[in-house]
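Values quoted throughout were computed directly from the atomic coordinates according to the rules given, and no laboratory measurement underlies them. Since the model is a prediction, treat every value here as computed from it, not as a measurement. Neighbour counts run over all protein chains shown; Cβ positions are idealised from the backbone, glycine included.
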């Protein structure tokens with residue numbers, strides 16, 4: 001993703017964020033440092049911490065506070081990925097072996113916990129109670145979204161889908177921008193606007209992720225294709241297929257052999273127009289994101305956020 | 001444990017803590033409330049939150065702050081238990097089915113995460129940055145201790161053992177008392193003293209736990225006996241056996257059949273004097289705990305803490 005979208009206005013600070021993230025592994029007991037480095041290093045797009053820094057650029061930008069918060073956001077995200085891989089039994093993450101695959105499930109649970117704790121520590125460095133509370137609420141939301149996803153496996157509708165991706169993904173995007181805005185001391189209206197931007201960009205981002213799970217290239221994604229379907233999770237493309245009048249065939253496929261069902265369903269998604277429809281829906285969320293920040297000053301950060309809103313729906317990995 | 005030790009000076013507030021803990025499940029999305037209730041309700045001794053409240057009784061006791069912190073401490077403890085059970089593959093916890101056993105591993109990972117987030121939220125309610133940071137550090141310590149325990153399975157010495165139980169258990173006891181002291185606005189010296197009390201009582205508590213894993217009754221413990229040994233974890237009784245001049249027989253047992261090894265080793269522990277030695281060591285930590293708070297005012301909370309120090313080494317479940 002970073003190939004096309006660059007966050008120039010905060011590029012130098014992002015190096016400081018990387019340094020801060022690397023510090024988590026460096027300061028850990030020697031026995032677990034390697035696993036932490038493996039989880040935290042490279043491969044990630046770092047969109048969320050960039051959003052925090054960009055949101056901070058609209059008023060009083062305190063590099064120290066922003067860097068801690070941005071690192072906290074990314075470390076929290078990484079923690080959820082490490083646990084996700086134990087839950088989805090995923091062998092590959094960000095193009096390399098998952099922690100679970102390389103060091104086993106038990107270790108992955110504990111490494112994820114350690115990362116949660118580290119992210120809480122980074123966020124506490126801001127000494128700002130509002131973002132600390134936001135952080136806790138966001139983590140609750142993510143877990144609740146993940147739990148709903150697993151509980152609702154093989155039973156979804158559009159509304160349920162939007163609620164789940166709002167909880168498990170968009171919420172952290174919203175927290176990323178909102179926390180930057182809070183720490184910059186922006187007025188309440190602007191905090192809400194940036195939060196809304198993050199929320200909508202997060203929705204768009206997840207929908208495109210779910211599209212790419214059907215039409216993406218394994219190499220570009222850094223994970224196998226149709227992994228959601230294999231987990232029994234219906235994402236937007238399948239839900240749109242099921243909404244169609246001719247969905248009887250889809251239901252028939254689903255009631256048959258599972259492996260064959262996945263293959264057939266993938267083919268139906270790819271050869272129908274649902275992918276275009278999904279991109280349109282993602283586009284709507286992106287437009288809402290841009291609209292949310294319309295009243296904010298037109299600085300370099302604004303331009304960057306606007307270009308992200310456009311880019312998210314164009315990305316192919 | 002509560003049979004013999006009662007925390008009368010904070011008894012009425014403990015009801016408010018229970019109410020706060022129950023609120024975590026009550027405020028959660030309906031789909032996960034039952035699992036949260038299952039994890040949080042009953043069975044637990046609630047020693048840690050009682051310690052927080054008791055430590056708060058030495059100066060400015062703000063019931064609202066204390067209750068949030070105490071609930072946060074217990075919810076954090078519960079979160080670690082839920083994850084422990086996925087790691088140790090334990091079917092029983094606090095005398096009932098573990099979350100993992102009843103709802104599966106993936107759910108247990110997410111429910112544990114949700115509880116971590118909830119505990120972070122409760123601690124943030126105190127609006128006190130120092131205890132919020134302490135909370136994050138404590139969780140890091142617990143994970144690091146658990147990771148060390150799993151990495152060092154079947155390879156221990158006394159020093160390593162003390163370090164591990166300090167990280168995984170005593171640290172949270174220390175945080176329980178320290179946070180209460182901080183929130184009560186005690187002078188630094190008293191905060192340190194109460195932290196030291198917690199640290200030492202936690203060491204004593206864990207050593208007795210490890211003794212009971214050999215000599216306790218399954219019904220009283222609410223879990224199977226010798227579960228540590230089955231996980232390949234050597235606790236103090238085995239380490240003391242191995243330190244003896246006649247430890248060749250122990251090593252021989254360990255190199256043979258695993259099931260038979262566990263049986264033989266358990267018998268050797270039970271028929272030797274190592275259990276008495278372990279109780280003596282626990283006693284030393286308890287004495288250090290009492291000594292640490294010697295200079296604090298002799299109020300009802302002081303009496304209660306002192307009686308706990310004595311009781312910990314007498315408990316049989």
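One table, with the values for the structure above:
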{"read-out": "Candidates A:136, A:30, A:90, ranked by Gaussian network fluctuation over chain A, Cα under 10 Å, top entry", "value": "A:30"}
{"read-out": "Top of A:256, A:185, A:23 by mean-square fluctuation, Gaussian network on chain A, Cα under 10 Å", "value": "A:256"}
{"read-out": "Inter-copy label distances at residue A:160 (7 Å, Cα→Cβ; nm, one decimal)", "value": "4.9"}
{"read-out": "Max mean-square fluctuation residue, GNM over chain A, Cα-Cα springs under 10 Å, options A:49, A:29, A:297", "value": "A:29"}
{"read-out": "Chain A: angle of helix A:30-40 to the longest principal axis, Cα-based, in degrees nearest 10", "value": "60 degrees"}
{"read-out": "Alpha-carbon centroid distance for the pair region B:35-82 / region A:226-240, whole angstrom", "value": "41 Å"}
{"read-out": "Value of Rg to Rh for the protein assembly as shown (Rh from inverse mean 1/r over Cα pairs, i.e. Kirkwood)", "value": "1.00"}
{"read-out": "Sorted by Cβ neighbour density within 10 Å, fewest at the top, the residues A:26, B:102", "value": "A:26, B:102"}
{"read-out": "Cβ neighbours within 10 Å from other chains - mean over B:94-105", "value": "1"}
{"read-out": "Teacher prompt: residue B:230 distances to equivalent labels in other copies, 7 Å Cα→Cβ, nm", "value": "3.3"}
{"read-out": "Rg/Rg_globular for chain A, with Rg_globular taken as 2.2 N^0.38 Å and Rg from C-alpha atoms", "value": "0.99"}
{"read-out": "Rounded to 10°, Cα long-axis angle of helix B:274-292 versus longest principal axis of chain B", "value": "20 degrees"}
{"read-out": "Per-peptide average of other Cβ atoms within 10 Å, ordering B:271-277, A:309-315, B:173-179, A:169-175 highest first", "value": "B:173-179, A:169-175, A:309-315, B:271-277"}
{"read-out": "Label spacing, shortest first and in nm, from residue B:102 to its equivalents in the remaining copies (7 angstrom along Cα→Cβ)", "value": "3.7"}
{"read-out": "D_trans [Stokes-Einstein, Kirkwood Rh over alpha-carbon pairs] for region A:40-84, 25 °C, 0.890 mPa s, µm² s⁻¹", "value": "222 µm²/s"}
{"read-out": "Mean-position separation - Cα centroids, region B:244-311 and region A:272-296, in angstrom", "value": "63 Å"}
{"read-out": "Exposure proxy ranking, count of Cβ atoms within 10 Å, fewest first, for B:58, B:162", "value": "B:162, B:58"}
{"read-out": "Angle in degrees between helix A:63-87 and the longest Cα principal axis of chain A, rounded to the nearest 10", "value": "30 degrees"}
